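The values are calculated or read from the model by the stated rules, or taken from the named source; none is laboratory data. Small disclaimer: the values here were computed from a predicted structure and weren't measured. Cβ: placed from backbone, ideal geometry, glycine included. Neighbour counts: every protein chain shown. Only protein heavy atoms, including side chains, enter the accessible area calculation; ligands, DNA and RNA are left aside. Shrake-Rupley method; radii C 1.70, N 1.55, O 1.52, S 1.80 Å.
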Amino acid sequence: MYGQLRIFSAVLALAVFSVPQMVCALQPEVLQSVVRVKPDWPLAARGRDASGAPRDPQGTGIAVFPGGYIATNVHVIGQAKKVDVQIEDGRQFAAEIIGRDTASDIALLKIDTDLPVLETALQPQLAEPVCTIGNQFGLGLSVTCGVVSATGRSGMGFNPVEDFIQTDAA
């Protein structure tokens, strides 16, 4: 399982997938594969927003195996003991934390519903069209498209295990 988790490190901060034609609209199953991850962090770890209220952390997850398995980042779930996942149609599920790999910043969750699993481009080529989907700042899913600028980026100092795909999709 550890080896399989590391495969997904390139697609987790944002879900990155290959797009055959940049002019096509996304298929519904693409959006159904990307979820909001809502960890219940300890109050002291949440920080405060501009009004002084505790922040509610959120992040992005993506269905990686049939049966409700979702990959996200360890830094998204932090030290949470409880995590909820909100799927595209608005339903929310309690997630079981299956594991965390802090070296690659990958966490695996499981929810009690099946989600479509996307085919990912495990060996993307330079200048290949790609799109990213994410739940930045808890604002809901957003999509941006661009091209692969570089592969195999490492030595950035974010994680002990690094193998990033650089895109111009922001």
(message) Quick check: pseudo-label points 7 Å beyond the Cα along Cα→Cβ at Thr144 and Leu43, how many nm apart are they?
(response) 3.6 nm
(request) Hey, for a label at Asp89 modelled as a point 7 Å past Cα toward Cβ, could you say which residues of region 101-142 have their backbone N under 13 Å away? (result) 113-116
(message) If I ignore ligands, DNA and RNA and count only protein heavy atoms, how much of Leu31 is accessible to a 1.4 Å probe, in Å² to the nearest 10?
(response) 50 Å²
(request) Show the residues, 5+ positions off or on another chain, whose built amide H is closer than 5 Å to the amide H of Ile70. (result) Val64, Leu109, Lys110, Ile111
(request) Please work out the average accessible area per residue across region 41-102, using the 1.4 Å probe convention, and give it in Å². (result) 54 Å²
(message) For a Förster distance of 22 Å, can you work out the FRET efficiency between the beta-carbons of Thr113 and Ala25, rounded to the nearest 0.05?
(response) 0.35
